[in-house]
Amino acid sequence: MPAKVIVLAINANLPVKNLPEFVEYAKKNPGKLSYSSGGNGSAAHIATEYFKLLTGTDMMHVPYKGSGPAMQDLLGGQVPLSFAGIPNVISQVKAGKLRALAVTTSKRWSELPEVPTVSEAG
């Protein structure tokens with residue numbers, strides 16, 4: 001496993017199925033989407049800010065005191081998305097509670113082979 005596999009995970013109730021749909025949805029709803037992270041400067045925070053820069057989207061950061069509380073609110077729908085470490089989301093993705101849109105690695109991750117890389121997804 002790569003040192004840090006980060007996944008763009010969304011709450012299953014968000015009305016998008018893939019990364020291009022997500023970017024389009026975010027652009028149509030500037031400032032209305034929020035994302036969770038384990039805190040300011042965390043991998044999730046940095047990854048999402050970079051994603052926003054690359055895609056021209058506007059989303060609000062909601063920092064938590066750790067990834068556990070951030071995941072609880074993602075699952076509960078209080079925040080619709082997070083770039084999160086794979087250990088935090090894999091069981092929830094497999095259970096259908098979260099939808100994985102892309103991984104940040106250069107190749108697909110073996111435990112979620114149906115999830116494209118960010119590059120593949122566009």
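Read-outs throughout are calculated quantities, based only on the coordinates presented, and are distinct from any laboratory measurement. Bear in mind that the values here come from a model prediction, so they are computed numbers and not experimental data. For neighbour counting, all protein chains shown are included, and Cβ atoms are generated from backbone atoms with ideal geometry for every residue, glycine included.
Along the Cα-to-Cβ line of LYS52, 7 Å from the Cα, sits a label point; which residues in the range 64-94 have backbone N less than 16 Å from it? Counting only backbone N, you get 64, 79-84.
What the pair-distance distribution of the range 69-109 shows, using all Cα-Cα distances binned every 10 Å from zero, is 29, 58, 13, 0 percent.
Along its first, second and third principal axes, ordered by size, the range 17-107 spans 29, 27, 26 Å in Cα coordinates.
With charges set only on the Cβ (+1 for Lys and Arg, -1 for Asp and Glu), what does the dipole of the chain come to about its Cα centre, in debye to the nearest 20?
Roughly 80 debye for the chain.
Positive contributions from Lys and Arg (+1) and negative ones from Asp and Glu (-1), summed over other residues with Cβ under 14 Å from the Cβ of LYS27, come out at 0. When the trypsin sites (Lys or Arg not before Pro) in the range 2-45 are filtered for DSSP coil states and for at most 12 other beta-carbon atoms within 10 Å of their beta-carbon, the remaining sites are LYS4, LYS17, LYS32. If the chain linking ALA43 and GLU21 were pulled fully straight, counting 0.36 nm for each residue of separation and taking away their Cα-Cα distance, it would gain 5.6 nm. Measuring spread by the Cα atoms of the range 10-65 yields a radius of gyration and Dmax of 11.1, 30 Å. Expressed to the nearest 5 percent, the antiparallel share of DSSP beta bridges inside the chain is 60 percent. Spin-label pair HIS61-GLU111: with each label point 7 Å from Cα along the Cα-Cβ axis, the two points sit 2.6 nm from one another.
With +1 assigned to the C-beta of every Lys and Arg and -1 to the C-beta of every Asp and Glu, and no other charges, what is the dipole magnitude of the range 56-122 about the Cα centre in debye, to the nearest 20?
Numbers: 6 positive and 5 negative charges, 32 e Å.
I would put it at about 160 debye.
Summary: within the chain, the longest segment free of GluC sites (Glu not before Pro) located in DSSP loops with at most 13 other C-beta atoms within 10 Å is 1-110. Working note: 222 nm ellipticity from helices only, DSSP H runs with n ≥ 4, each -39,500 (n - 2.57), summed and divided by the residues of the chain, gives -10500 deg cm²/dmol to the nearest 500. Residues whose amide H comes within less than 5 Å of that of ALA102, counting only those at least five positions distant or on another chain, are LEU8 (H built at 1.01 Å from N in the peptide plane).
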